[in-house]
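The values are calculated or read from the model by the stated rules, or taken from the named source; none is laboratory data. Predicted model, so just to flag it, every value in this text is computed and none were measured. Cβ sites come from the backbone with ideal geometry, for glycine too, and all protein chains shown count toward neighbours. Surface accessibility is based on the protein's heavy atoms, side chains included, excluding ligands, DNA and RNA. Shrake-Rupley method; radii C 1.70, N 1.55, O 1.52, S 1.80 Å.
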Amino acid sequence: MSILSHIQTHSKANGKMLAILLDPEKTALTDLNRRTESADLVFVGGSTGEGADRLTEALKKQTDKPVILFPGNIQQITDQADALLFLSVLSSRNAEMLIGRQIEAARAVRQSGIETIPMGYILIDGGTHSSVEHTTRSQPIPQTDIEQIVSTAIAAELLGMRLVYLEAGSGAKTPVSTDIIRAVRQAVSLPLIVGGGICTPEQMQQAFNAGADVVVIGNHFERHPEQIPLFRINESAGIKASANIG
Ligand code: 1GP
């Protein structure tokens, strides 16, 4: 089964998925089985830097989790991963981010033969100047402009994209609000990925309840790897309760 079908099947069955985001520049190549044990999907990527090939190779040796590239640049593309999120920053008005980088990467991606999933990526203001905002030189959409966010997500679906990613930016102070997630969920039928600033199982559960199919967590697990098991999704009982998460 392709990775896209895997995500679509989960989404249709209302199954929720946790994706752990590993930055190749910040992730040691050891202990990856434990680092990814609560995840359904492993995303590999960062705003800058290389090393995605080494990290992907190590992940494929140490875990059986699907490894999906979420590349910040063309150097992070490797055919060793299971799939590639081929994204366009639809919230941007910077042509490089909308189509320039994609053209630059197109031949290498095609040659690699990797499963490529077209994705509409929508940057939303998370209350910090995020590195994605910096590297894409793009203004995020304010959280209050739900209409614009929903219109952008509908455009993604009309353009034939297969996933929508609502991104508050790594380390966001304010994750994407449940009002936004709910409004986008009602407007499009594509699987919905939500990330940026999610630090507690409760925030993850709220995003799921509002309609997210996949929640992405990076920063929090880099700082608190010991908390990873607390985020394990238990489909029948919801997220494991965690009384002592700070
Ligand atoms: C960033 O949405 C992801 O692209 C994850 O954000 O690092 O804040 O979890 P965090």
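Annotations
- Highlighted here are the helices (runs of 4 or more DSSP H) found entirely within the stretch 99-169 that include at least 3 residues which are open to solvent by 50 Å² or more (accessible area, probe 1.4 Å) and out of contact with any Cys (no Cβ under 7 Å at 6 or more places or on another chain): 101-112, 146-158.
- Number of residues in the stretch 79-99 that are touching a Leu at 6+ places or on another chain (Cβ under 7 Å) and not aliphatic (A, V, I, L, M) equals 3.
- In the stretch 83-98, the residues that are within 20 Å of residue 148 (Cα to Cα), among the hydrophobic types (A, V, I, L, M, F, W, C) and not in a loop (DSSP other than H, G, I, E, B): 87, 89, 95, 97, 98
- Boolean, residue 181 is modelled with pLDDT of 95 or more and either open to solvent by less than 40 Å² (accessible area, probe 1.4 Å) or within 12 Å of the ligand (Cβ to nearest atom) (or both): yes
- Residue in the stretch 184-204 that is part of a loop (DSSP other than H, G, I, E, B), farther than 22 Å from residue 38 by Cα, out of contact with any helix residue (DSSP H, G or I) (no Cβ under 6 Å at 6 or more places or on another chain) and polar (S, T, N, Q) present: yes
- Considering the stretch 184-204, the residues that are within 16 Å of residue 149 (Cα to Cα) and of a type in the set (S, T, N, Q) include one that is most open to solvent (accessible area, probe 1.4 Å), namely 186.
- When we screen 127, 113, 120 for residues that are within 12 Å of the ligand (Cβ to nearest atom) and not aromatic (Phe, Trp, Tyr), the only hit is 127.
- The stretch 148-162 - residue that is in contact with a helix residue (DSSP H, G or I) (Cβ under 7 Å, 6 or more places away or on another chain) and closer than 18 Å to residue 92 by Cβ and, of those, farthest from the ligand (Cβ to nearest atom): 154
- Checking residue 117 against (1) touching a residue at least 60 places away in the same chain (Cβ under 8 Å); (2) out of contact with any Lys or Arg (no Cβ under 9 Å at 6 or more places or on another chain); (3) among the aliphatic types (A, V, I, L, M), the condition it does not meet: (2)
- Contact map, the stretch 128-142: residues that are at pLDDT 85 or above and of a type in the set (A, V, I, L, M, F, W, C) paired with residues that are within 11 Å of the ligand (Cβ to nearest atom) and open to solvent by less than 40 Å² (accessible area, probe 1.4 Å), Cβ distance under 6 Å, separation 6+ or inter-chain. Pairs shown: 141/124.
- Here the condition is being more than 15 Å from the chain's Cα centre (by Cα), under 23 Å from residue 217 (Cβ atoms) and modelled with pLDDT of 95 or more; of 78, 48, 63, it holds for 63 alone.
- The number of residues in the stretch 211-246 that are surrounded by 13 or more Cβ atoms within 10 Å (Cβ to Cβ), more than 16 Å from the ligand (Cβ to nearest atom) and at pLDDT 90 or above comes to 1.
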